[in-house]
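Chemist: Below: one structure in C-alpha cells.
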Amino acid sequence: MINRIFTDTIDRKFVGKEITISGWVDTVRDHGGVIFIDLRNMTGKLQCVFDVAGKDKEFKKLSESIRPEWVVEVKGVIRERPPESVNPKIPTGEVELLVGEFKILNRAKNLPFYPDDSVSEELRLKYRFLDLRSQKMRRNLLAVSRIMKITRDYFDELGFVEVPTPMLTKSTPEGARDYIVPARLKPGCFFALPQSPQLFKQILMASGIEKYYQIVRCFRDEDTRGDRQPEFNQIDLEMAFAEKEDVMDVVWGLVEKVFNEFAVKFERPAILDFEDAIKMYGTDKPDLRIKISPLKDISEIFKNTGFEIFKKQITQGNPVVCFFSNKNFSRSELDELVKVAKEEGLSGLLWIKKEGDSLKSPATKFLREEEIKALSKIYEAEGTIFVVAGKSAFFEAGLVREKISQMHGLREEGFYPLWIVNAPLFELDKDGKITSVHHPFTAPVGDIFNQDPLTLKSLAYDLVINGVEIGGGSIRIHSSDIQKKVFEILGMDEKQYSEKFSFLLRALESGCPPHGGFAFGLERFVAILFNLPSIREVIAFPKTQNVQCLLTDAPSPVSEKQLKELSIKVDI
Ligand code: ASP
C-alpha cells in the first residue's frame, strides 16, 4: 500500500488514530520485550514501538529479527511519547506508533555501509541506492525537484512557454567537445548531443515564441572538475524584444524566489564591469562575501624604488598590487600565509603590518622614507597590507586574498550575487587565435566592421554568486551581416559558416526579432545553496572525475553486431 500520509506531518493531531505506513528500518533498539525502530521513508521518520507483551510468538520472533534497512509495513495507533523520550529534533518527535500488525516486505543483506555512514565517494557511487537513502542526499534531490517546480511556476506566470528542443542535433559551439551519436541510416555521419539549446532557442525567437524557457539536459565532453559533469541540467530562457536589463530582471526574479523558498540570507545583486572586476578582485568571479579590501594598483608608489624585487617588476612594466585586512595577524599566521602563497605557485607575498603610523615588515628596511609614508596613507585603519608584484599580480593577489579569507574565516554569511557585464566580445586563446569570450552569437558593443575585434565589448551578463558563476547570457546578434562578420573574425570562411550555421543565418534573415537570454546550471545553483563541495552531491547518478558511472559501469564496449550496424570500426 502506498504511503498517503506525509510522515513528517504526523504529530499530536494524530494521537489515537490508526495508520499504516511503510518504509525502511533506520535504526533498531531492542529494550528486551519492547523493540523500538525508527521507520524512515521519503517524507520523514517515525518511531515505531513493537511491544511483545500479549502478542503471539510469531510477532515476537519476527520483530526481534528486524534489522536496519529492511523494508517494512506497520499498522498501529499513534500515541504520545512519554516526556523523557520526546525528540525535539524531528517533526514527529512527540509521538510514536504502537505497532499492532506488521509485514516484512523485504530484507537487506550484505550492505557495504548504511546510508548516513561516512564512506569513500567511490563506494557511495557504486552503491548509490544506499547513498541516496541518506538524509543529506534526500534533501538535495528534493531541493532540485522543488526548484524545478518553482521555476516552472515562475515562468508560467510570466507567460513563458516551455518548448523541448532536440537531443540529437548538430554541434553548437559552447566551447567544449561534443558527445556524438552515430546515425545508422547515414553511415559516417553523427549527431551531437546538445551542449546547450542555444541555436534552437534563437530559432524559436524567429519563430514567434516570444518567451521561451526549458529545464534542459546539456552535454559537454570536458575534463570534469568538482563543479562540472558531462551532463547537467540548465534552466534555459530566451526573450524576444528584450534588452539586457529585462533578462537580468527576469533571471534575478527567479533567483530571489528560490532564495526565499529556502529562507536564506541574501543581498540584492551588485553590477560590476568585467574590467573592474579583474582590477578589484583579480577574477571575473569575485566572491563578495570576503571581508578584505579589494585590490589596489600601487605601482606608482614604487616607480623609483630601490627595493630589488619591486624594481625588477616595475622595470618590466609589471604592476605592484596590494589589499588590506584590518585583522591583526600574528607573526606565525603571516609566515604561514607566505608559505601557502608559495605552495600555490605564487611568485611571492609581502606583508606589512600597520600599527598607528608605523609600518612593520621584513621589507621596510629596503624601502625609502616616502614609499613607507605613501604606503601608510593608503588605508586609514590599523591592520595588515599584503603586496604582490609581477606580471600576474592582479590574478595572484586575487587568489591569496581568497585563500586568506578562507583560512581565517574573513567572510560574511549568506549569498552575495553579482552581475558581471561588459565583458570583451573576443579574446585570444592559448594558441593566439581569436575566440569568443561567451559564444559567437553574443551581440557586440561597438563597430564590428571597423574596430579592432579585441577592443570590442559584448552585451553579455554573467551571474556570479559567492565566487561561483551560476549562469550567463547575452543579447544576441539578430542581423545576419553582423553574425557573418563574427564568424569571419573567428576564422571561418563563407563555406565553413554556411555549412554549420546556414539555418541560423536564414532564420536571422526571415524577420528575426531582437532577442536575448540566459542559462543557469541547476545543479550548480543547488550546490551553492547548500554549500556543497561538488555538483555530484545534487545529481542522483553522477559520473566520476574520469567520466564513469560506477553504478552501471558505463561506458562499456558494445557488441560487434551493434558496431557493424553503425558502420563503425574501433581502432584503439
Ligand atoms: N547557451 C549559453 C550557455 O549554455 C547560455 C546563453 O547564452 O543563454 O552557456
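The values are calculated or read from the model by the stated rules, or taken from the named source; none is laboratory data. Model, not experiment: these values are computed from the prediction. When we count neighbours, we look across all protein chains shown, and the Cβ atoms used for this are built from the backbone with ideal geometry, even at glycine.
Chemist: Go over the candidates L463, L410 one by one and state the one that is in contact (Cβ under 8 Å) with a residue 40 or more places away in the chain and within 16 Å of the ligand (Cβ to nearest atom).
Modeler: L463
Table: residues versus (1) within 24 Å of I150 (Cβ to Cβ); (2) in contact with a His (Cβ under 7 Å, 6 or more places away or on another chain); (3) outside any strand (DSSP E or B).
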{"position": "G208", "(1), (2), (3)": "no, no, yes"}
{"position": "R217", "(1), (2), (3)": "yes, no, no"}
{"position": "D223", "(1), (2), (3)": "no, no, yes"}
{"position": "Q234", "(1), (2), (3)": "yes, no, no"}
{"position": "M239", "(1), (2), (3)": "yes, yes, no"}
{"position": "A242", "(1), (2), (3)": "yes, yes, yes"}
{"position": "E245", "(1), (2), (3)": "yes, no, yes"}
{"position": "M248", "(1), (2), (3)": "yes, no, yes"}
{"position": "V251", "(1), (2), (3)": "yes, no, yes"}
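Chemist: Which members of segment 487-496 meet the condition of being in a helix (DSSP H, G or I) and not acidic (D, E)?
Modeler: The first filter runs over segment 487-496 and keeps only residues in a helix (DSSP H, G or I), leaving 487-489, 494-496.
Listed by number, the residues that qualify are F487, I489, K495, Q496.
Chemist: Next question. Among (1) under 26 Å from V255 (Cα atoms); (2) touching a strand residue (DSSP E or B) at 6+ places or on another chain (Cβ under 8 Å), which single condition is E157 missing?
Modeler: (2)
Chemist: Does G282 satisfy the condition of being on the phi > 0 side of the Ramachandran plot and in contact with a Phe, Trp or Tyr (Cβ under 8 Å, 6 or more places away or on another chain)? Break it down stepwise before answering.
Modeler: Values: on the phi > 0 side of the Ramachandran plot: yes; in contact with a Phe, Trp or Tyr (Cβ under 8 Å, 6 or more places away or on another chain): yes.
For G282, the condition - on the phi > 0 side of the Ramachandran plot and in contact with a Phe, Trp or Tyr (Cβ under 8 Å, 6 or more places away or on another chain) - is met.
Chemist: Taking the conditions exactly as written (among the aliphatic types (A, V, I, L, M) and modelled with pLDDT of 95 or more), does L532 satisfy them or not? Don't jump to the end; show me each part of the working.
Modeler: Values: among the aliphatic types (A, V, I, L, M): yes; modelled with pLDDT of 95 or more: no.
No: the conditions fail for L532.
Chemist: Limited to segment 445-465, what total is found for residues that are surrounded by fewer than 22 Cβ atoms within 10 Å (Cβ to Cβ) and under 31 Å from the mean Cα position of the chain (by Cα)?
Modeler: Of all residues in segment 445-465, those surrounded by fewer than 22 Cβ atoms within 10 Å (Cβ to Cβ) come to 445-457.
Among the residues that remain, those that are also under 31 Å from the mean Cα position of the chain (by Cα) are: 445, 454-457.
Here the count works out to 5.
Chemist: Of all residues in segment 537-572, which are charged (D, E, K, R) and either in a loop (DSSP other than H, G, I, E, B) or without any contact (Cβ under 8 Å) to a residue 60 or more places away in the chain (or both)?
Modeler: K543, D553, E560, K561, K564, K569, D571 - these are the residues of segment 537-572 that are charged (D, E, K, R) and either in a loop (DSSP other than H, G, I, E, B) or without any contact (Cβ under 8 Å) to a residue 60 or more places away in the chain (or both).
Chemist: Which of the following residues is surrounded by fewer than 20 Cβ atoms within 10 Å (Cβ to Cβ), more than 18 Å from F518 (Cα to Cα) and over 19 Å from the mean Cα position of the chain (by Cα): I271, I278?
Modeler: Working: I271 fails: more than 18 Å from F518 (Cα to Cα).
Answer to the check: I278.
Chemist: For the subset of segment 428-444 comprising residues that are in a strand (DSSP E or B) and more than 16 Å from the ligand (Cβ to nearest atom), which member is surrounded by the most Cβ atoms within 10 Å (Cβ to Cβ)?
Modeler: Only one residue tops the list, namely I434.
Chemist: On the given criteria, is F113 among the aromatic types (F, W, Y) and either without any contact (Cβ under 8 Å) to a residue 40 or more places away in the chain or away from the ligand (no atom under 15 Å from the Cβ) (or both)?
Modeler: Working: among the aromatic types (F, W, Y): yes; either without any contact (Cβ under 8 Å) to a residue 40 or more places away in the chain or away from the ligand (no atom under 15 Å from the Cβ) (or both): yes.
For F113, the condition - among the aromatic types (F, W, Y) and either without any contact (Cβ under 8 Å) to a residue 40 or more places away in the chain or away from the ligand (no atom under 15 Å from the Cβ) (or both) - is met.
Chemist: Out of curiosity, is M280 within 16 Å of the ligand (Cβ to nearest atom), outside any loop (DSSP other than H, G, I, E, B) and among the hydrophobic types (A, V, I, L, M, F, W, C)?
Modeler: no
Chemist: Being farther than 13 Å from Q229 by Cα and more than 16 Å from the ligand (Cβ to nearest atom): is that true of V526 here?
Modeler: For V526, the condition - farther than 13 Å from Q229 by Cα and more than 16 Å from the ligand (Cβ to nearest atom) - is met.
Chemist: Run down R138, R133 and say which single residue is farther than 27 Å from D56 by Cα, basic (K, R), within 28 Å of the chain's Cα centre (by Cα) and in a helix (DSSP H, G or I).
Modeler: Just one listed residue meets the conditions, R138.
Chemist: All but one of (1) within 30 Å of R289 (Cα to Cα); (2) more than 16 Å from the ligand (Cβ to nearest atom) hold for M492; state the number of the condition that does not hold.
Modeler: In the conditions (1) within 30 Å of R289 (Cα to Cα); (2) more than 16 Å from the ligand (Cβ to nearest atom), M492 misses (1) alone.
Chemist: Filter segment 197-211 down to the residues that are free of Cβ contacts under 8 Å to residues at least 60 places away in the same chain and within 11 Å of the ligand (Cβ to nearest atom), then identify the one that is surrounded by the most Cβ atoms within 10 Å (Cβ to Cβ).
Modeler: Among residues in segment 197-211 that are free of Cβ contacts under 8 Å to residues at least 60 places away in the same chain and within 11 Å of the ligand (Cβ to nearest atom), the one surrounded by the most Cβ atoms within 10 Å (Cβ to Cβ) is P197.
Chemist: Residues that are within 30 Å of L551 (Cβ to Cβ) and of a type in the set (S, T, Y): which strands (runs of 3 or more DSSP E) entirely in segment 1-119 hold 2 or more of them?
Modeler: Details: elements: 18-30, 34-41, 44-51, 71-80, 95-106.
Strands (runs of 3 or more DSSP E) meeting the threshold: 18-30.
Chemist: Checking R401 against (1) farther than 28 Å from C322 by Cα; (2) of a type outside the set (S, T, N, Q); (3) away from the ligand (no atom under 16 Å from the Cβ): exactly one of these is not met. Which one?
Modeler: Of everything listed in (1) farther than 28 Å from C322 by Cα; (2) of a type outside the set (S, T, N, Q); (3) away from the ligand (no atom under 16 Å from the Cβ), R401 misses just condition (1).
Chemist: Can you confirm whether segment 468-486 contains a residue that is assigned to a loop (DSSP other than H, G, I, E, B), surrounded by fewer than 17 Cβ atoms within 10 Å (Cβ to Cβ), of a type outside the set (A, V, I, L, M, F, W, C) and modelled with pLDDT of 95 or more?
Modeler: yes
Chemist: Moving on to the next point. So which of R217, R225, R177 ends up being modelled with pLDDT under 95 and either farther than 27 Å from V486 by Cβ or crowded, with 18+ Cβ neighbours inside 10 Å (or both)? Steps first, please.
Modeler: Working: R217 fails: modelled with pLDDT under 95; R177 fails: either farther than 27 Å from V486 by Cβ or crowded, with 18+ Cβ neighbours inside 10 Å (or both).
It is R225.
Chemist: Here is a further query. Are any of the residues in segment 177-196 more than 16 Å from the ligand (Cβ to nearest atom) and in contact with a Pro (Cβ under 7 Å, 6 or more places away or on another chain)?
Modeler: Pass one, segment 177-196, residues more than 16 Å from the ligand (Cβ to nearest atom): 180-191.
Add one more test, that the residue is in contact with a Pro (Cβ under 7 Å, 6 or more places away or on another chain), and what stays is 190.
Checked segment 177-196: at least one residue is more than 16 Å from the ligand (Cβ to nearest atom) and in contact with a Pro (Cβ under 7 Å, 6 or more places away or on another chain).
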